[in-house]
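Trainee: Below: one structure in structure tokens.
The values are calculated or read from the model by the stated rules, or taken from the named source; none is laboratory data. It should be emphasised that the depicted structure is a prediction, and the values quoted were computed from it without experimental measurement. Glycine gets a Cβ as well: all are built from the backbone with ideal geometry, and neighbour counts include every protein chain shown.
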Amino acid sequence: MTETRVISDILQRAADGGRITPEEALLLYTEAPLHPLGEAADAVRRRRYPDNVVTYLIDRNINYTNVCVTACKFCAFYRAPKHAEGWTHDTEEILRRCAEAVELGATQVMLQGGHHPQYGVEYYENLFGAVKKAFPQLVIHSIGPSEILHMAKVSAVSIEDAIKRIKAAGLDSIAGAGAEMLPERPRKAIAPLKESGARWLEVMEVAHTLGVESTATMMMGTGETAAERIEHLRMIRDVQDRTKGFRSFIPWTYQPENNHLKGRTQATGLEYLRLVAVARLFFETVPHLQASWLTTGKDIGQLSLHMGVDDLGSIMLEENVISSAGARHRSNLHELIGLIRTADRIPAQRDTLYNRLAVHWTPQDDPKDERVVSHFSSIALPGGGAGRSLPLIDAK
């Protein structure tokens, strides 16, 4: 058969719910015409979610420290121990930020920070316990395998014990943080001090078996090849086949400012859209696919809704890590809902588990709170903006 026929047959099989191989995924990613690729991915979305609903979330990313010993080359957020610009927020400050998030309708907080040399399991037990006690309604979707490995090392306990303890303290769900690129060559190039991709996945698998689900992510644009991007997907799918613990896949693009990579390479919008579509076709066992409008921009975010995406992500009331590397895209609740509706989809607010909290079937159903604006970045302020309230910006 000709390559065109081969591609067409793969697209049809994937659109019908069949499994494709990594080799077939690479062929689609590099050679498939864009429109048929997107149509096949959207067919998968329509079969999974025939009511045409696209979801969004309201949450706040709260950073407890920027002190980190891992020194990833793409990261503009961290500061080395004893650096003059290093800071750590106390529990009172974190709870204050949680209270602001609750006031604005957030259902989730993502507590993230650097690998502080003194922060073991006990620190996270106290942090999660305090948040859960003060705000039991908030879901703690936080940290990632890298932080779990670090805290276990500091406290000299096993990965299993660390996960059990922080789960008991209040951790509800693990973020896909720290995945970046899982294949060995690109991972060593951008994060030589971080655990291997196989080890990252091992921690996720342990967490899944202990009843803690997670998301999976990928950072594009740091010099990895097309084949390495597909290998990243393959590594995630292998774990998902065994655990079914990944709720969603969230690809995002490297941001080039204020870090050691200095923007030497970046992923284009077209590369991103193609990867999103291939991911929807490849991950037949991962329920949800989320776009990253924060890193790609709202135009690409909206286009991704035609490439198999069923979730537009979050109105993040605060975000510092990616913003410090140059992500400048902001939105508000009305605008995000508008992006979904003008893509001929029905917007719905969800929670962490993708339960729909409110479906906006018509514009009359839309929420009216104009204070819900994304997002406040405090990284440039002394002490990480400690004590500063969320700036409430008129959505108009």
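Trainee: Taking the condition at pLDDT below 95, of a type outside the set (Phe, Trp, Tyr), surrounded by fewer than 23 Cβ atoms within 10 Å (Cβ to Cβ) and at negative phi, does VAL102 pass?
Mentor: yes
Trainee: Another question, if that's okay. Go through the range 122-162 and give me each residue that's among the β-branched types (Val, Ile, Thr), surrounded by 22 or more Cβ atoms within 10 Å (Cβ to Cβ) and assigned to a helix (DSSP H, G or I).
Mentor: VAL131, ILE148
Trainee: Same structure, new question: As an exercise: evaluate ARG97 against (1) over 21 Å from the mean Cα position of the chain (by Cα); (2) touching a residue at least 12 places away in the same chain (Cβ under 8 Å) and give the number of the one condition it does not meet.
Mentor: Every listed condition holds for ARG97 apart from (1).
Trainee: Kindly check whether there is at least one residue in the range 303-310 that is modelled with pLDDT under 95, closer than 30 Å to ALA15 by Cα and among the polar types (S, T, N, Q). So that I can check it myself, show each step before the final result.
Mentor: From the range 303-310, those modelled with pLDDT under 95 are none; that's our starting set.
Checked against the condition, which is being modelled with pLDDT under 95, closer than 30 Å to ALA15 by Cα and among the polar types (S, T, N, Q), the range 303-310 yields no hits at all.
Trainee: Would you please name the residue that is farthest from the chain's Cα centre (by Cα), looking only at residues in the range 272-319 that are part of a strand (DSSP E or B) and of a type in the set (Asp, Glu)?
Mentor: The first filter runs over the range 272-319 and keeps only residues part of a strand (DSSP E or B), leaving 288-290, 311-316, 318.
This time we only want the ones that are of a type in the set (Asp, Glu), so: 311, 318.
Numbers: ASP311: 11, GLU318: 14 Å.
It comes out as GLU318.
The rows are residues; the columns are (1) closer than 30 Å to GLU125 by Cβ; (2) hydrophobic (A, V, I, L, M, F, W, C).
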| site | (1), (2) |
| --- | --- |
| ILE20 | no, yes |
| GLU23 | no, no |
| ARG48 | no, no |
| CYS68 | yes, yes |
| CYS75 | yes, yes |
| LYS82 | yes, no |
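Trainee: How many residues are crowded, with 19+ Cβ neighbours inside 10 Å, at pLDDT below 95 and not in a helix (DSSP H, G or I) if we restrict to the range 182-194?
Mentor: Summing the residues that are crowded, with 19+ Cβ neighbours inside 10 Å, at pLDDT below 95 and not in a helix (DSSP H, G or I) in the range 182-194 gives 2.
Every residue, every condition in (1) modelled with pLDDT under 95; (2) closer than 19 Å to THR30 by Cα, yes or no:
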{"position": "MET204", "(1), (2)": "no, no"}
{"position": "THR217", "(1), (2)": "no, no"}
{"position": "GLY223", "(1), (2)": "yes, yes"}
{"position": "GLU228", "(1), (2)": "no, yes"}
{"position": "SER248", "(1), (2)": "no, no"}
{"position": "THR265", "(1), (2)": "yes, yes"}
{"position": "GLU271", "(1), (2)": "no, yes"}
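Trainee: Please indicate, with yes or no, whether at least one residue in the range 120-140 is in contact with a Phe, Trp or Tyr (Cβ under 9 Å, 6 or more places away or on another chain), in contact (Cβ under 8 Å) with a residue 24 or more places away in the chain, on the phi > 0 side of the Ramachandran plot and of a type in the set (Val, Ile, Thr).
Mentor: Checked against the condition, which is being in contact with a Phe, Trp or Tyr (Cβ under 9 Å, 6 or more places away or on another chain), in contact (Cβ under 8 Å) with a residue 24 or more places away in the chain, on the phi > 0 side of the Ramachandran plot and of a type in the set (Val, Ile, Thr), the range 120-140 yields no hits at all.
Trainee: Can you confirm whether TYR64 is at pLDDT 95 or above and among the aromatic types (Phe, Trp, Tyr)? Give the steps one after another, and end with the answer.
Mentor: Numbers: at pLDDT 95 or above: no; among the aromatic types (Phe, Trp, Tyr): yes.
Answer is no for this residue.
Trainee: Let me ask something else about it. Is it fair to say ARG237 is over 23 Å from GLU122 (Cβ atoms) and at pLDDT below 95?
Mentor: No, not satisfied.
Trainee: Now a separate question. Could you tell me which numbered condition HIS141 fails, if it satisfies all but one of (1) within 19 Å of LEU57 (Cβ to Cβ); (2) out of contact with any Asp or Glu (no Cβ under 8 Å at 6 or more places or on another chain)?
Mentor: (2)
Trainee: Which ones in the range 282-300 are modelled with pLDDT of 90 or more, polar (S, T, N, Q) and buried (at least 24 other Cβ atoms within 10 Å of the Cβ)?
Mentor: First, the residues of the range 282-300 that are modelled with pLDDT of 90 or more: 282-291, 299-300.
Checking which are polar (S, T, N, Q) leaves us with 285, 290.
Once the filter is applied, which keeps residues that are modelled with pLDDT of 90 or more, polar (S, T, N, Q) and buried (at least 24 other Cβ atoms within 10 Å of the Cβ), the range 282-300 yields only GLN290.
Trainee: What about THR70, is it within 21 Å of the chain's Cα centre (by Cα) and either surrounded by fewer than 21 Cβ atoms within 10 Å (Cβ to Cβ) or modelled with pLDDT of 95 or more (or both)? If you could, list the steps in order and put the result at the bottom.
Mentor: Numbers: within 21 Å of the chain's Cα centre (by Cα): yes; either surrounded by fewer than 21 Cβ atoms within 10 Å (Cβ to Cβ) or modelled with pLDDT of 95 or more (or both): yes.
Criteria met by THR70.
Trainee: When only residues in the range 321-356 that are at pLDDT 95 or above and under 16 Å from the mean Cα position of the chain (by Cα) count, which is surrounded by the most Cβ atoms within 10 Å (Cβ to Cβ)?
Mentor: That would be ARG350.
Trainee: Further question: From the residues in the range 250-263 that are within 26 Å of HIS141 (Cα to Cα) and hydrophobic (A, V, I, L, M, F, W, C), which one is modelled with the highest pLDDT?
Mentor: The selected residue is ILE250.
Trainee: Look through CYS68, CYS75, CYS98 and report the one residue that is closer than 22 Å to LYS188 by Cα and either among the aliphatic types (A, V, I, L, M) or touching a Lys or Arg at 6+ places or on another chain (Cβ under 8 Å) (or both).
Mentor: Numbers: CYS75 fails: either among the aliphatic types (A, V, I, L, M) or touching a Lys or Arg at 6+ places or on another chain (Cβ under 8 Å) (or both); CYS98 fails: closer than 22 Å to LYS188 by Cα.
Answer to the check: CYS68.
Trainee: Does ILE58 satisfy being under 29 Å from VAL286 (Cβ atoms) and either in contact with a helix residue (DSSP H, G or I) (Cβ under 6 Å, 6 or more places away or on another chain) or of a type in the set (Ser, Thr, Tyr) (or both)?
Mentor: Considered against the rule, which asks whether it is under 29 Å from VAL286 (Cβ atoms) and either in contact with a helix residue (DSSP H, G or I) (Cβ under 6 Å, 6 or more places away or on another chain) or of a type in the set (Ser, Thr, Tyr) (or both), ILE58 comes out as no.
Trainee: Hey, another quick one. Just the residues that are surrounded by 22 or more Cβ atoms within 10 Å (Cβ to Cβ), of a type outside the set (D, E, K, R) and closer than 15 Å to VAL278 by Cβ, please, taken from the range 200-243.
Mentor: ALA216, MET218, MET220, ILE230, HIS232, LEU233, ILE236
Trainee: Of the numbered conditions (1) over 21 Å from VAL276 (Cβ atoms); (2) surrounded by fewer than 18 Cβ atoms within 10 Å (Cβ to Cβ); (3) among the hydroxyl-bearing types (Ser, Thr, Tyr), TYR64 fails exactly one; give the number of that condition.
Mentor: TYR64 satisfies all of (1) over 21 Å from VAL276 (Cβ atoms); (2) surrounded by fewer than 18 Cβ atoms within 10 Å (Cβ to Cβ); (3) among the hydroxyl-bearing types (Ser, Thr, Tyr) except (2).
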